[in-house]
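A.B. asks: Input: one structure, supplied below.
The values are calculated or read from the model by the stated rules, or taken from the named source; none is laboratory data. This one's a predicted model, so the numbers in the text were calculated from it and none came from an experiment. Here the Cβ is made from the backbone with ideal geometry for all residues, glycine too, and neighbour counts use every protein chain on show. Heads up: the accessible areas ignore ligands, DNA and RNA and are worked out on the full protein's heavy atoms, side chains in. Shrake-Rupley method; radii C 1.70, N 1.55, O 1.52, S 1.80 Å.
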Amino acid sequence: MLKQEINELLTRTGPGTPMGELFRRYWLPALLAEELPENDCPPVRIKILSERLIAFRDSDGRYGLIDEFCAHRGVSLWFGRSEEGGLRCAYHGWKYDVNGRCLEVPSEPEDSRFPQKVKLTSYPLVQVGGILWTYLGDPANQPELPEFEFVRVPSEQSYTSKRWQECNWLQALEGGIDSSHVSWLHSDGLKNDPLFKGTKGNEYNMADMKPFFEVVEVDGGLFIGARRNAEDGRYYWRITPWVMPSFTMIPPRGNHPVHGHLWVPIDDENCWVFTFDYHSDRPLTPDELAAMHAGHGVHNEYVPGTYRPLQNKDNDYMMDRQAQRRGETFSGVKGIAMQDASLQESMGPIVDRTKERLVSTDAGIIKARQKLRKAAEALRDDGATPPGVDAAHHRVRSASVLVPKEEAFIDAAREALAVTPGVKHASV
Amino acid sequence: MLKQEINELLTRTGPGTPMGELFRRYWLPALLAEELPENDCPPVRIKILSERLIAFRDSDGRYGLIDEFCAHRGVSLWFGRSEEGGLRCAYHGWKYDVNGRCLEVPSEPEDSRFPQKVKLTSYPLVQVGGILWTYLGDPANQPELPEFEFVRVPSEQSYTSKRWQECNWLQALEGGIDSSHVSWLHSDGLKNDPLFKGTKGNEYNMADMKPFFEVVEVDGGLFIGARRNAEDGRYYWRITPWVMPSFTMIPPRGNHPVHGHLWVPIDDENCWVFTFDYHSDRPLTPDELAAMHAGHGVHNEYVPGTYRPLQNKDNDYMMDRQAQRRGETFSGVKGIAMQDASLQESMGPIVDRTKERLVSTDAGIIKARQKLRKAAEALRDDGATPPGVDAAHHRVRSASVLVPKEEAFIDAAREALAVTPGVKHASV
Amino acid sequence: MLKQEINELLTRTGPGTPMGELFRRYWLPALLAEELPENDCPPVRIKILSERLIAFRDSDGRYGLIDEFCAHRGVSLWFGRSEEGGLRCAYHGWKYDVNGRCLEVPSEPEDSRFPQKVKLTSYPLVQVGGILWTYLGDPANQPELPEFEFVRVPSEQSYTSKRWQECNWLQALEGGIDSSHVSWLHSDGLKNDPLFKGTKGNEYNMADMKPFFEVVEVDGGLFIGARRNAEDGRYYWRITPWVMPSFTMIPPRGNHPVHGHLWVPIDDENCWVFTFDYHSDRPLTPDELAAMHAGHGVHNEYVPGTYRPLQNKDNDYMMDRQAQRRGETFSGVKGIAMQDASLQESMGPIVDRTKERLVSTDAGIIKARQKLRKAAEALRDDGATPPGVDAAHHRVRSASVLVPKEEAFIDAAREALAVTPGVKHASV
């Protein structure tokens, strides 16, 4: 249970808010690289941290992320055309480069110095992996580029999708660091999903419905361990890393690719979920890629031409009560991603955390909130650089491991939780 | 004409409002019994008096009406499954009984006493007739169950439907106690509707377009008499009872079933209209039932899979100007129910009563408002139990009678206005 | 760049606002005459200056524009029927004449004087040309009827359409007095549109992309001259008149009809655009009329049964990126009207003028705002009659002329800028 003012602090991310300032210290996913597929392709409107921006790729392949609206009279640059080194507004032909600098005001005399005085807000936009990343903060504080393993492995080993989720970012993130719901909500996925099924780990998962949670704080975030009974004096540990502010990974299963998420606030009542699958030591197989494209695993199907899920609140997520009754799905909703999204959206745009009743399995959520709050307040009050900004903190992995009962998971799995390029994830 | 503050008082029914507290002293229709057709059927989301609730029917057939949102982290229990004596949340498997008590928190140890400390808001949900009734007030004040005749006659004598109306409850109710509009708005129905047409009373109705209204206050509400000329030194009286806060009955016509309504606030800009037809001394005929299912009389057709009328404000109620011009309908809208709903919704979500100009035929409306206001203020200021709570007040009937000119309708029809089980309505 | 309070002053037009009071001094287009095509035809709901009204045409052909809502209990008179000299409410049959006077309250005694005391707000509604005009101000100040040439020429010489635009009136008007965008946004239209193409003037237009602007203030508004280079020691001047508060005309092209607009606030976030084409000395040809009906020139196609453009913000104006890339359109949007509307709507419901960067080509916009502000303040502070109210100010024309370099356009074109009935527009 949170006080209302803490709930406000954690959920509001517009310009000038404490959590908004916190997010503005990190590189954040802005778009998929596929959204700007070639030089001079159509620009793309995006909103991030409540700022409306336009992303484009110029004639030389440079990426730009600038204010959506022309400096002149405020029309959307989405109607513009990228050409000859800049994005030209459709109204009077004003032209901007990827840094938001005005290159040309056609109505002005040839020798006018006016264009040089015009500059739109701009942010860096950089491809790392399948994602175009941006940084919305003060350039003086700009950190190194992201080093999450899923964007650093060869591209044939990794796949990323994104989807629009119609609720505040925090309740979405909280779903990602709460692995206790998997045995219930996703029980069908453990049995049937081509990207989840058929592992020894799943058997442990379903056999022990009362996992014990242990949370270890590290510099950049948390490791959240869920302990279940195994045989031979061992526990089965599923370990979920959370890196500030919103990176999580699902612990691996057998030889399946590993899944994870990055949550990015669109505004206070919507977020983007960037969802990835990668394998640390081999390419994804054609079957795996086909399953991801088809919306299996943590991916989903779309309303054609959009990144909105095909199953959404307007169609009650295509809830199938008969399938629920027959036990084919637990909630009646099909697919792991939409099972999560449907419940998180059902909490309302921003869940009222003054009413919640947390239990021991929510230990990860509690710790993450504390760490976010502490970091936001320290930044606001003392200008303190928040944890996880340093790209070194990105080099973490999730793991699923069997550990002798007497050992602490964080010691036993220390090596498994760090990225060792080319070495396979620790997975049961 | 009302002062704005009185309009506010009468129209706002959320928790803590004077009128909301008044409604919380009565049994109210929450759902049709058909919405929870069998044990462990899918739960149903409803909103009533601005509270979001979930209704379900457990494995033993007990009905429950509880807070829509799980006590744990606030997801909607609509995604849950009713099974083995309770409703289980789809997220982490928390389970609740029909009284909102938490039966199980699967992640907790077997011997944990935690679940016993968790309880959701719950209200009684009881079937009487074709309706599931609830009571949202303090259990200490819970009255006897409803005794309206339409829910007490054998089920083959009664039929109830419901529809969503997109305006405040009070302007809908006011339509129900205003019988002066019938000769205008519903003139086509008197001629053609299979559940209205072909009676001697309709002839009086259409022959005298200037009815005189007389309103008699009784303990539980009002009797509103509309007097029209008849022959042989008599008047034709149509008498409409209103029982606090929102029960009305249309005066009967010949041997047709009798119609009536109960209006229930969803929130301040929407209401449920529960609409019934019954006959006091015989089963409804197959033809009558077929007409009701087809949306005749006071019933209506639906957007498939919903209780929203097929004719609604998004399609201008399927207004047919040609039919209006030819005189087939007076307003261009088809059907008695939608003729009322279309006009009541056209007033806006909450009509501005500071601008109205009431006339003598609005005497019933004026008296009803006064009685509602007085009761709400007496409850707020003195805790006074409001009129009509006692189920004895439910045992009223509407009537249409011929009365010698020198007699008062309330005396002449005293017997006709009381329920005498098995005895036919007084009807012309 | 405007201060926010000036932006508010200029954009808010509801009752009691300074700009709203200004608009209430002028005759304004309320409907197309085609919307009330015959006596006793269906009434039409309109909103204008944030007032909800109903327009109708009675049995004798008189036009009425009255409060949308019945004085009795507030239902919409849109459901009413025009018959026997008045509009009868569908609820209880109250009847109103074109002046909003209540003619009949059927429930009242024959000799009741009550109806005489009931009167709805009403405004004059007068056909001049293809438009029904209204005046929402104090009758004491009502000016003469409009004398714009397009409504005064014989009807076969003129054509008017209207469309709903989803933004504040001022940013729409500003598009109309800004002719510098034509060479960019509408470059395809100059080449291909059947109502624009193939003139010598267009060649000047496209050859000189840096027009010089000169604005001349006159009593009723402005003449905005855009000067481009021509041959033989002359300039090509395109001259746009603006008559207070919202009448503009596009300078003519060759022998094409002349186009123009009148913008009327619906409320602060929507406006009606009345769009006309006329020829001063000949009937419009069948080909021209066919082109207008098909949505060419400054007209557009519609969502069937409405005045909403078929291309609208819900379908991204049917943006065609391939056509944009091939250079067939500059913004990807088809049609001159929707090219304007799409950009103006993209600014948001009310553009934030504190952020704009105006340039010399915006001189007309700057002057128009100053004149509007001055007039609104003078009316508010001193009750001063605003400019352009006198119908004499309506008798202006746009013109496109070749003028020797040493002459001022306003002197050289003085005759061309005044209406001379039957004499052709000055056009290149």
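A.B. asks: What number of residues within region B:55-71 satisfy the criterion of being within 14 Å of chain A (Cβ to nearest Cβ), touching a residue at least 40 places away in the same chain (Cβ under 8 Å) and not hydrophobic (A, V, I, L, M, F, W, C)?
C.D. replies: Matching residues across region B:55-71 total 1.
A.B. asks: Out of all the residues in region C:351-361, which are under 11 Å from C:ILE177 (Cα atoms) and at pLDDT 95 or above?
C.D. replies: So in region C:351-361, the residues under 11 Å from C:ILE177 (Cα atoms) come out as C:361.
Residues satisfying the conditions do not exist here.
A.B. asks: While we're here: Among A:VAL44, A:VAL75, which is the only one that is hydrophobic (A, V, I, L, M, F, W, C), touching an Asp or Glu at 6+ places or on another chain (Cβ under 7 Å) and within 12 Å of chain C (Cβ to nearest Cβ)? Break it down into steps so the answer makes sense when it comes.
C.D. replies: Values: A:VAL75 fails: touching an Asp or Glu at 6+ places or on another chain (Cβ under 7 Å).
Going through A:VAL44, A:VAL75 in turn, the sole match is A:VAL44.
A.B. asks: Of (1) surrounded by fewer than 23 Cβ atoms within 10 Å (Cβ to Cβ); (2) of a type in the set (S, T, N, Q); (3) not in a helix (DSSP H, G or I), A:GLN322 satisfies all except one. Which?
C.D. replies: Exception for A:GLN322: condition (3).
A.B. asks: Same structure, new question: Is it the case that region B:409-422 has a residue that's of a type in the set (Asp, Glu) and within 14 Å of chain C (Cβ to nearest Cβ)?
C.D. replies: Step one: filter region B:409-422 for residues of a type in the set (Asp, Glu), giving B:411, B:415.
Then drop every residue that is not within 14 Å of chain C (Cβ to nearest Cβ), which leaves none.
Within region B:409-422, not a single residue is of a type in the set (Asp, Glu) and within 14 Å of chain C (Cβ to nearest Cβ).
Residue-wise test of (1) aromatic (Phe, Trp, Tyr); (2) within 13 Å of chain A (Cβ to nearest Cβ); (3) over 24 Å from A:GLU174 (Cα atoms).
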{"residue": "B:PHE79", "(1), (2), (3)": "yes, yes, no"}
{"residue": "B:GLU83", "(1), (2), (3)": "no, yes, yes"}
{"residue": "B:TYR91", "(1), (2), (3)": "yes, yes, no"}
{"residue": "B:ASN99", "(1), (2), (3)": "no, no, yes"}
{"residue": "B:CYS102", "(1), (2), (3)": "no, yes, no"}
{"residue": "B:SER107", "(1), (2), (3)": "no, yes, no"}
{"residue": "B:THR121", "(1), (2), (3)": "no, yes, yes"}
{"residue": "B:GLY130", "(1), (2), (3)": "no, no, yes"}
{"residue": "B:THR134", "(1), (2), (3)": "no, no, yes"}
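A.B. asks: Given the options C:PRO257, C:PRO245, C:PRO251, C:PRO265, name the one that is touching a His at 6+ places or on another chain (Cβ under 6 Å) and either buried (at least 23 other Cβ atoms within 10 Å of the Cβ) or under 16 Å from C:SER360 (Cα atoms) (or both).
C.D. replies: On the way: C:PRO245 fails: touching a His at 6+ places or on another chain (Cβ under 6 Å); C:PRO251 fails: touching a His at 6+ places or on another chain (Cβ under 6 Å); C:PRO265 fails: touching a His at 6+ places or on another chain (Cβ under 6 Å).
One residue alone meets the criteria, C:PRO257.
A.B. asks: Then there's this: Can you tell which of A:ARG326, A:ARG234, A:ARG282, A:ARG238 is at negative phi, modelled with pLDDT under 95 and not polar (S, T, N, Q)? Write out each step before concluding.
C.D. replies: Values: A:ARG234 fails: modelled with pLDDT under 95; A:ARG282 fails: modelled with pLDDT under 95; A:ARG238 fails: modelled with pLDDT under 95.
Answer to the check: A:ARG326.
A.B. asks: Out of curiosity, is A:ASP314 within 14 Å of chain B (Cβ to nearest Cβ), open to solvent by 50 Å² or more (accessible area, probe 1.4 Å) and closer than 30 Å to A:GLU8 by Cα?
C.D. replies: Values: within 14 Å of chain B (Cβ to nearest Cβ): yes; open to solvent by 50 Å² or more (accessible area, probe 1.4 Å): yes; closer than 30 Å to A:GLU8 by Cα: yes.
Judged against the criteria, A:ASP314 is a match.
A.B. asks: State whether one or more residues within region C:325-332 are exposed (fewer than 14 other Cβ atoms within 10 Å of the Cβ) and within 14 Å of chain A (Cβ to nearest Cβ). Show your work before the answer.
C.D. replies: Of the residues in region C:325-332, the ones exposed (fewer than 14 other Cβ atoms within 10 Å of the Cβ) are C:326-327.
Next, from what is left, pick out any that are within 14 Å of chain A (Cβ to nearest Cβ): C:326-327.
Checked against the condition, which is being exposed (fewer than 14 other Cβ atoms within 10 Å of the Cβ) and within 14 Å of chain A (Cβ to nearest Cβ), region C:325-332 yields at least one hit.
A.B. asks: Condition test on C:GLY16, is it open to solvent by less than 10 Å² (accessible area, probe 1.4 Å) and under 23 Å from C:PHE69 (Cβ atoms)? Spell out the reasoning first.
C.D. replies: Numbers: open to solvent by less than 10 Å² (accessible area, probe 1.4 Å): no; under 23 Å from C:PHE69 (Cβ atoms): yes.
Here the answer is no, as C:GLY16 does not meet what is asked.
A.B. asks: Still on this model: Mind checking whether some residue in region C:283-302 is open to solvent by 30 Å² or more (accessible area, probe 1.4 Å), closer than 25 Å to C:THR134 by Cβ and free of Cβ contacts under 8 Å to residues at least 24 places away in the same chain? So that I can check it myself, show each step before the final result.
C.D. replies: Step one: of region C:283-302, the residues open to solvent by 30 Å² or more (accessible area, probe 1.4 Å) are C:283, C:285-287, C:289-290, C:293-294, C:296, C:301-302.
Applying the additional criterion that residues be closer than 25 Å to C:THR134 by Cβ yields C:302.
From what's left, free of Cβ contacts under 8 Å to residues at least 24 places away in the same chain: none.
The answer is no; no qualifying residue exists.
A.B. asks: Sticking with this one: Taking B:PHE330 as meeting all but one of (1) of a type in the set (Phe, Trp, Tyr); (2) assigned to a loop (DSSP other than H, G, I, E, B); (3) in contact with a helix residue (DSSP H, G or I) (Cβ under 6 Å, 6 or more places away or on another chain); (4) within 19 Å of B:ARG163 (Cβ to Cβ), write down the number of the exception.
C.D. replies: Only one criterion in (1) of a type in the set (Phe, Trp, Tyr); (2) assigned to a loop (DSSP other than H, G, I, E, B); (3) in contact with a helix residue (DSSP H, G or I) (Cβ under 6 Å, 6 or more places away or on another chain); (4) within 19 Å of B:ARG163 (Cβ to Cβ) is unmet by B:PHE330, namely (4).
A.B. asks: A follow-up question, please. Run down A:VAL351, A:VAL273 and say which single residue is among the β-branched types (Val, Ile, Thr), part of a strand (DSSP E or B) and within 20 Å of the chain's Cα centre (by Cα).
C.D. replies: Numbers: A:VAL351 fails: part of a strand (DSSP E or B).
That would be A:VAL273, the only listed residue that is among the β-branched types (Val, Ile, Thr), part of a strand (DSSP E or B) and within 20 Å of the chain's Cα centre (by Cα).
A.B. asks: Limited to region C:183-200, what total is found for residues that are buried (at least 24 other Cβ atoms within 10 Å of the Cβ) and in a helix (DSSP H, G or I)? If you could, list the steps in order and put the result at the bottom.
C.D. replies: The first filter runs over region C:183-200 and keeps only residues buried (at least 24 other Cβ atoms within 10 Å of the Cβ), leaving C:183, C:185, C:189, C:196.
Now narrow it down to the ones that are in a helix (DSSP H, G or I): C:183, C:185, C:189.
Qualifying residue count, region C:183-200: 3.
A.B. asks: Let me ask something else about it. In region C:399-410, is there at least one residue being open to solvent by less than 50 Å² (accessible area, probe 1.4 Å), out of contact with any His (no Cβ under 8 Å at 6 or more places or on another chain), of a type in the set (Ser, Thr, Tyr) and touching a residue at least 40 places away in the same chain (Cβ under 8 Å)?
C.D. replies: yes
A.B. asks: Of the residues in region B:146-182, how many are away from every other protein chain (no Cβ under 14 Å), charged (D, E, K, R) and assigned to a helix (DSSP H, G or I)?
C.D. replies: 3
A.B. asks: What residue, of A:ALA341, A:ALA337, A:ALA291, is in contact with a Pro (Cβ under 8 Å, 6 or more places away or on another chain), at pLDDT 95 or above and over 30 Å from B:GLU84 (Cα atoms)?
C.D. replies: On the way: A:ALA341 fails: over 30 Å from B:GLU84 (Cα atoms); A:ALA337 fails: over 30 Å from B:GLU84 (Cα atoms).
Going through A:ALA341, A:ALA337, A:ALA291 in turn, the sole match is A:ALA291.
A.B. asks: Quickly run through region A:337-353 and pick out the residues that are open to solvent by 10 Å² or more (accessible area, probe 1.4 Å), in contact with a helix residue (DSSP H, G or I) (Cβ under 6 Å, 6 or more places away or on another chain) and more than 10 Å from every other protein chain (Cβ to nearest Cβ).
C.D. replies: The one that is open to solvent by 10 Å² or more (accessible area, probe 1.4 Å), in contact with a helix residue (DSSP H, G or I) (Cβ under 6 Å, 6 or more places away or on another chain) and more than 10 Å from every other protein chain (Cβ to nearest Cβ): A:ILE350.
A.B. asks: So, one more: Tally up the residues in region A:372-425 that are under 23 Å from A:TYR204 (Cβ atoms) and assigned to a helix (DSSP H, G or I), please.
C.D. replies: So the answer is 4.
A.B. asks: Residues of region B:357-375 being facing chain C (nearest Cβ under 9 Å) and open to solvent by 10 Å² or more (accessible area, probe 1.4 Å), which ones?
C.D. replies: The answer is B:ARG357, B:LEU358, B:VAL359, B:SER360.
A.B. asks: Moving on. Hey, can you tell me all the residues within region B:150-169 that are basic (Lys, Arg) and open to solvent by 40 Å² or more (accessible area, probe 1.4 Å)? It would help to see each step written out before you state the result.
C.D. replies: If we filter region B:150-169 for residues that are basic (Lys, Arg), which is where we start, we get B:152, B:162-163.
Within region B:150-169, just B:ARG152 meets the criteria.
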